[in-house]
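For reference, the structure is listed below as structure tokens.
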Amino acid sequence: MGEIEDAIERADREAFTREPPKTLKAQIGYLLKQYGSAKAVAAELGVTADSVNRYRRGARKHARADVAAKIDDAVRARWQPMVRKRRQRQAAATGGITVETRARFGYTAPVGTSDDGRFRRLTVHLPATYAQRLFDARDAGANDQEMRGIIAEGFKDVYFQDGGSRATGLSDVEINDIDYLDLDF
């Protein structure tokens, strides 16, 4: 996963209205309901169906660390899909998306202006159109660089050009060397 996709996933997790199951037995029970069989859950987790059944019965109280991480990720990825979709639809339709980052921004500017890239810490609310483009790109399997481009274009329009009222000669904005990036929608 790339930085942008991780940030979207974190923002999705913040949307949970109820906490996902915490115990191993409850997590396996949830996954069994989602997948329908121990064999399907086992294939997803990379363990045997017998192991899944032992977790379900409580015969095994703890999974290996790598398996426990896979179980937790599988549960969180499937937890409250309607809540996630509703928040994404709202962000893409009206709400927009807030991007907080510390990264090196570089841009192409007219002669006589400073276009040297430098680290900036920015918190910018991007309009709904950028949220829609970002979600569409992620769903289409876009790589991290393509999603960075969408965010950079939004920063150019909203932050650097202030909706067209300044820095009109600015053509390209690039985000490089991301220290951190967080999304909220």
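Of the listed requirements (1) in contact with an Asp or Glu (Cβ under 9 Å, 6 or more places away or on another chain); (2) at pLDDT below 85, Ser171 misses just one: (1).
Would you check if there is a residue in the range 96-106 being open to solvent by less than 40 Å² (accessible area, probe 1.4 Å), in contact (Cβ under 8 Å) with a residue 60 or more places away in the chain, within 30 Å of Arg120 (Cβ to Cβ) and touching a Gly at 6+ places or on another chain (Cβ under 7 Å)? Within the range 96-106 (the criterion being open to solvent by less than 40 Å² (accessible area, probe 1.4 Å), in contact (Cβ under 8 Å) with a residue 60 or more places away in the chain, within 30 Å of Arg120 (Cβ to Cβ) and touching a Gly at 6+ places or on another chain (Cβ under 7 Å)), the answer is yes, since at least one residue qualifies. Of the numbered criteria (1) under 24 Å from the mean Cα position of the chain (by Cα); (2) of a type in the set (Val, Ile, Thr); (3) modelled with pLDDT of 90 or more, the one Val47 fails is (1).
When the residues of the range 68-78 are filtered to those that are in contact (Cβ under 8 Å) with a residue 12 or more places away in the chain and open to solvent by 20 Å² or more (accessible area, probe 1.4 Å), the one that is farthest from Asp184 (Cα to Cα) is Ala68.
Just to verify a result, which residue in the range 43-59, among those that are touching a helix residue (DSSP H, G or I) at 6+ places or on another chain (Cβ under 7 Å) and hydrophobic (A, V, I, L, M, F, W, C), is surrounded by the most Cβ atoms within 10 Å (Cβ to Cβ)? In this case the residue turns out to be Val52.
Results for (1) of a type in the set (Asp, Glu); (2) at pLDDT below 90, shown as yes or no for each residue.
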| residue | (1), (2) |
| --- | --- |
| Ile8 | no, yes |
| Glu14 | yes, yes |
| Pro21 | no, no |
| Lys25 | no, no |
| Leu32 | no, no |
| Ala38 | no, no |
| Ala42 | no, no |
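Note on the range 10-42: residues that are open to solvent by less than 80 Å² (accessible area, probe 1.4 Å) and out of contact with any strand residue (DSSP E or B) (no Cβ under 9 Å at 6 or more places or on another chain) amount to 20.
The values are calculated or read from the model by the stated rules, or taken from the named source; none is laboratory data. Because the structure is predicted, anything quoted here is derived from the model rather than measured. Please note: Cβ atoms are built from the backbone with ideal geometry, for glycine as well, and neighbour counts cover all protein chains shown. Each accessible area value is taken on the protein alone, full model and side chains, heavy atoms only, with ligands, DNA and RNA left out. Shrake-Rupley method; radii C 1.70, N 1.55, O 1.52, S 1.80 Å.
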